[in-house]
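The values are calculated or read from the model by the stated rules, or taken from the named source; none is laboratory data. Quantities reported herein were computed from a predicted structural model and do not represent experimental measurements. Cβ placement follows ideal geometry from the backbone for every residue including glycine, while neighbour counts extend to all protein chains displayed.
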Amino acid sequence: MSKHNNEPNAPGHFITVEGIDGAGKTAATETIASTIEEAGFSVVSTREPGGTAVGEALRELVLSRDFEFEAETEILIIFASRAQHMREVILPSLEAGHWVLSDRFTDSTYAYQGGGRQIVFERIRQIENWLLGDFKPSLTLLLDADTDIGRERILEYRDDLDRFESLDRAFHNRVRSAYVKIASREPERVKFINAANSISQVRSETRQIVQEFIGKRME
């Protein structure tokens with residue numbers, strides 16, 4: 001797979017939003033997209049698993065409660081979706097000068113399959129290096145909230161939980177802990193947002209982080 005230059009002079013930039021289920025990623029992605037557009041850049045919004053016809057079919061499969069997978073099967077399905085996503089959407093959009101905004105990317109794999117499923121991080125890193133090389137987002141916003149808050153928010157809107165949402169509290173606590181570990185290791189890339197705050201506060205902090213990022217790229 002070809003590699004994309006994510007330095008400031010690259011044609012476009014790749015921004016991702018991460019967090020446990022119910023953390024409020026939808027509100028954050030809307031704010032990020034509008035902030036980028038207000039600065040005069042075009043945005044391609046996408047998601048994982050998904051983002052392509054193949055990816056959406058794999059998303060439906062991996063989120064369905066009709067099937068049970070081995071952890072190894074699950075992670076390979078997710079990376080298969082990601083490989084298609086990179087080739088069809090992310091790299092072409094960046095090379096065309098667009099900014100790409102994705103709801104989840106590889107950090108989710110480390111959190112859900114590494115933390116949640118307890119797959120050794122080094123095994124995930126081997127697959128990541130094979131498929132993505134040194135490609136990483138330019139900026140990641142991590143929305144952090146207690147897992148009970150996340151569950152309450154999900155149940156407020158629906159009761160048909162997907163395969164991951166239906167897993168127990170211990171699983172989601174491991175996911176959250178893995179995210180915190182990722183953020184502590186890469187503080188320049190991963191910006192931590194307290195998602196337990198009100199939506200307006202989260203939107204305000206999100207906008208500020210993105211505006212600062214854009215400002216640095218325009219200096």
Count - residues of region 44-61 that are closer than 21 Å to Gln118 by Cβ and more than 16 Å from the chain's Cα centre (by Cα): 0
Need the failing condition index for Arg125 against (1) farther than 26 Å from Ala33 by Cα; (2) surrounded by 13 or more Cβ atoms within 10 Å (Cβ to Cβ); (3) in contact with an Asp or Glu (Cβ under 9 Å, 6 or more places away or on another chain), just the number. (3)
For Leu101, work out the one condition from (1) within 16 Å of the chain's Cα centre (by Cα); (2) more than 23 Å from Ile15 (Cα to Cα) it doesn't fulfil. (2)
Among the candidates Ala178, Ala183, Ala111, single out the residue that is more than 23 Å from Ala80 (Cα to Cα), assigned to a helix (DSSP H, G or I) and small (Gly, Ala, Ser). Ala183
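If you check Arg163 against the conditions, is it more than 18 Å from Ser102 (Cβ to Cβ), modelled with pLDDT of 95 or more, in contact with a helix residue (DSSP H, G or I) (Cβ under 9 Å, 6 or more places away or on another chain) and not hydrophobic (A, V, I, L, M, F, W, C)? Spell out the reasoning first.
Values: more than 18 Å from Ser102 (Cβ to Cβ): yes; modelled with pLDDT of 95 or more: no; in contact with a helix residue (DSSP H, G or I) (Cβ under 9 Å, 6 or more places away or on another chain): yes; not hydrophobic (A, V, I, L, M, F, W, C): yes.
No: the conditions fail for Arg163.
Which one is surrounded by the fewest Cβ atoms within 10 Å (Cβ to Cβ) among residues in region 186-219 that are of a type in the set (A, V, I, L, M) and in a strand (DSSP E or B)? I'd like the intermediate steps shown before the answer.
Taking region 186-219 as the starting set, the residues that turn out to be of a type in the set (A, V, I, L, M) are 190, 193, 195-196, 199, 202, 209-210, 214, 218.
In the following step, the residues that additionally are in a strand (DSSP E or B) were identified as 190, 193.
Values: Val190: 20, Ile193: 22.
Per the criteria, the residue is Val190.
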Inside region 98-153, can you point out the residues that are of a type in the set (Val, Ile, Thr) and out of contact with any His (no Cβ under 8 Å at 6 or more places or on another chain)? Thr106, Thr109, Ile119, Val120, Ile124, Ile127, Thr140, Ile149
